[in-house]
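The values are calculated or read from the model by the stated rules, or taken from the named source; none is laboratory data. Remember, it's a predicted structure, so these values are computed and weren't measured experimentally. Cβ placement follows ideal geometry from the backbone for every residue including glycine, while neighbour counts extend to all protein chains displayed. All accessible areas refer to the heavy atoms of the entire protein, side chains included, with ligands and DNA or RNA removed. Shrake-Rupley method; radii C 1.70, N 1.55, O 1.52, S 1.80 Å.
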Amino acid sequence: MIRQDFSQTDTWVFDLDNTLYPPHMRLFDQIEVKMTDYVSTALGVDPTEADRLRGHYWETHGTTLAGLMREHDLDPDPYLIAVHDIDFSVLDPDPALAAAISALPGRKMIYTNGTAPYARNVLAARGLSDLWDAIYGVEHADYHPKPDRAAFDRVFGTDGFDTTRAAMFEDDPRNLEQPHAMGLRTIHVAPAPVIAPYIGDHTPDLTAFLSQLV
Ligand SMILES: [Mg+2]
């Protein structure tokens, strides 16, 4: 029974984008446009080439930012400010999700490949502020992105929680492989399931899943 499976869990780690809001709200689409614009301007290439490069960075380095830093020695902070300067009004408050997260016993945190200030904007628009013991962004991982092991080591090590009593919720299955190896329970939050040995559970409905646990 699922509730029994999580009876020892006392730390809850949530990804942000497309995990704490549904993909159909399309917030991340705005960021995608800003990232392509930034790559195009920074590298002096047209948008088509910028998109191709972004695909290459995503495959090779995990994120656009990691590719820009490793292949072009780009300064991360101006990039992070530019790509997160978007319209948050496309997000709706979600009181049911807020209640489900609030009911979880123990420590709750956000870990996003965005930044903590950006996360606070998203959480405010979703009515999910004030639920968190910690909010970690890429700036807390020395700009290493999920899915890199170094990123998880840095953020989880800084927080200091017991990984064997923790669960992580994520829409990108790649970002669950290292947490699984570190002992966390892994829950893939997405419309369609993905079969992988490091995915413990899948749900298309985070609120419904959490509501089974308490
Ligand atoms: Mg995500």
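Brief remarks on what is shown
- Shape of region 27-83, Cα gyration tensor, a/c cut at 1.5: rounded
- 3J(HN,Hα) along region 32-38: 4, 4, 5, 5, 4, 4, 5 Hz, from the Karplus curve 6.51 cos²θ - 1.76 cosθ + 1.60 with θ = phi - 60°, whole Hz, x for Gly and Pro.
- Accessible surface calculations at 1.4 Å, restricted to protein heavy atoms, place the chain at 45 Å² per residue.
- Heavy atoms of Ser102 accessible to a 1.4 Å probe, total area in Å² rounded to 10: 70
- Computed extension length for Asp130-Ala150: 4.4 nm, one decimal, from 0.36 nm per residue of separation with the Cα-Cα distance subtracted.
- Against the empirical 2.2 N^0.38 Å (N residues), the chain has a Cα radius of gyration ratio of 1.00.
- Counting only protein heavy atoms and using a 1.4 Å probe, the accessible area of Glu139 comes to about 60 Å².
- Separation in nanometres of the label points that stand 7 Å from Cα toward Cβ, at Val45 and Ser211: 4.6
- Contour excess over end-to-end distance, with Cα ends at Asp73 and Arg3 and 0.36 nm allotted per residue: 20.6 nm
- Between Ser89 and Asp37, the distance separating the two model label sites (each 7 Å from Cα on the Cα→Cβ line) works out to 1.7 nm.
- Debye, to nearest 20: dipole size of the chain, +1 on Lys, Arg Cβ, -1 on Asp, Glu Cβ: 600
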